[in-house]
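Here the structure is laid out as structure tokens; the discussion comes afterwards.
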Amino acid sequence: MDNLSLLQRSRQALWHPCTQMKQLEAVPPLPVARGEGPWLIDYEGRRYLDAISSWWVNLFGHAHPRINAAICDQLEQIEHVILAGCTHAPVVELSERLAALTGLSHAFYGSDGASAVEIALKMSFHYWKNRGRPEKCGFVSLAHGYHGETLGALSVTDVALFKDTYAPLLRVTHQVMSPDWRHAEPGESPEACALRAAADLEAWLEAHAAATAALILEPLVQGAAGMGMYHPVYLRRARELCDRHQVHLIADEIAVGFGRTGTMFACEQAPSPGPAGHPLPGAEGRGGAALRVADIADFVCLSKGLTGGYLPLSAVLTTDAVYAAFYADETARGFLHSHSYTGNPLACRAALAVLDLFEEEGVLEANRAKAARCTELLAEVAAHPRAAHFRHLGMIWAFDVRDAQPGFAAEASRRALARGVLLRPIGASVYLMPPYVVGEAEMRLMAEACLELLQPQ
Ligand SMILES: *Cc1c(COP(=O)(O)O)cnc(C)c1O
């Protein structure tokens, strides 16, 4: 097998995701024969650094021995079984461990991020219906937010390029101001910008909460908006407002979960309630310890890193209160939603191996040191006159290229690939989101690739 014949066959037989296929003539896809840690290797042995973690899913590199071994072991036992009417140890153990990590005690599984979003939206609406408030059927989300491509998820997404074509098929939802600090007014701090966005949410909820089931948001980082980042005070304010107005808060941690922002989950970075705030359920008895997801969200959507980037699996975790509203003699009060591969044992075993790695290898702490070093190596990029809004959180770095020409993203990908780095800028936003196993040499290579993209074409 060589690179060229594979490319031709790929163009003939496949329809690539999120791609205008005609453009593949100019920018052919990278043929990947195998992977090794943070590296992808083509059919001719050339190596490319996977600086975007294969679309934000990979955590510990490719072909990780422990995750491989867990999947192989599971394969010898049971590869898949229906989860309606059956159960198995991997899915039970995973649910228990995710509940312990998030404080949200009931796990429902899907296959992709978008299916998790659909589940959370339907569950929230159905909760209010079961509670005698069927008129609470609307959803509010953040401007520039992204929650997936299926019709429900796209309805709460706000990316014109993905959404506008399908507008006639979608539910009408409302978007409130994004707290992304790139939208700050001159002289306004990120925190002040987030509080201004929270005031916009407040005004909207005051008028519309009675017909609203849930607010859905990406905590701290709006990925598809080009890694827009915002001050965590927004999460605290959003929780308070949702409590006051009886609206659910759905945290879409599909991209940011599992250590990506520096904590296991992004919601954990929300500031604790001030003296004026209510002591939060769950925050008590933990001696002022960091918040858990349950202190911010009624639902959390997880996918992407959940299996370390190995297998499609998503989960929605929610509270006892939501669960209880469905628990009844009447069948139709139950959540009658399903996907064929719900709770797939191979995927659950991969996820359990991922959680083992976090527990046993001090990943979050090691990432802190690594991230500090990477930020140091990116100092020249951050200070570059063509780099605007350089930003960093956990294991994500991003900047916007001033005066980027049309077609910048495709051209930048091509140039980075020629240097041996797989990048996929979003419009004029260049971001790095590497697997956590990158070392000094890989971080240097990423910094060089970024500097190269800032050179005039
Ligand atoms: C990727 C993503 C999704 C959709 O997940 P898929 O697995 O691609 O369906 C939803 N929300 C966020 C925040 C994402 O980054």
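It is to be established whether one or more residues within segment 35-49 are open to solvent by less than 70 Å² (accessible area, probe 1.4 Å), among the β-branched types (Val, Ile, Thr) and assigned to a loop (DSSP other than H, G, I, E, B). Checking segment 35-49: not a single residue is open to solvent by less than 70 Å² (accessible area, probe 1.4 Å), among the β-branched types (Val, Ile, Thr) and assigned to a loop (DSSP other than H, G, I, E, B). Applying the criterion of being within 16 Å of the ligand (Cβ to nearest atom) and outside any helix (DSSP H, G or I) to the residues of segment 71-125, the residue that is farthest from Pro312 (Cα to Cα) is Phe108.
Of note, Leu423 satisfies the criterion of being of a type outside the set (S, T, N, Q), closer than 23 Å to Ile41 by Cβ and open to solvent by less than 30 Å² (accessible area, probe 1.4 Å). All of Leu302, Leu355, Leu313, Leu306 fail the test of being within 15 Å of the ligand (Cβ to nearest atom), open to solvent by less than 20 Å² (accessible area, probe 1.4 Å), of a type in the set (A, V, I, L, M) and out of contact with any Leu (no Cβ under 6 Å at 6 or more places or on another chain), apart from Leu302. Considering segment 286-401, the qualifying helices (runs of 4 or more DSSP H), each wholly inside and each with 2 or more residues that are among the hydrophobic types (A, V, I, L, M, F, W, C), over 29 Å from His248 (Cα atoms) and modelled with pLDDT of 95 or more, run over 345-360, 363-377, 379-382. Taking segment 135-165 as the search range and keeping residues that are among the small types (Gly, Ala, Ser) and within 15 Å of the ligand (Cβ to nearest atom), which one is farthest from Ala116 (Cα to Cα)? Among residues in segment 135-165 that are among the small types (Gly, Ala, Ser) and within 15 Å of the ligand (Cβ to nearest atom), the one farthest from Ala116 (Cα to Cα) is Ala143.
The values are calculated or read from the model by the stated rules, or taken from the named source; none is laboratory data. Computed from a predicted structure; not experimentally measured. We place every Cβ from the backbone using ideal geometry, glycine too, and count neighbours over all the protein chains shown. Quick note on the areas: whole protein, heavy atoms, side chains included, nothing else; ligands and nucleic acids left out. Shrake-Rupley method; radii C 1.70, N 1.55, O 1.52, S 1.80 Å.
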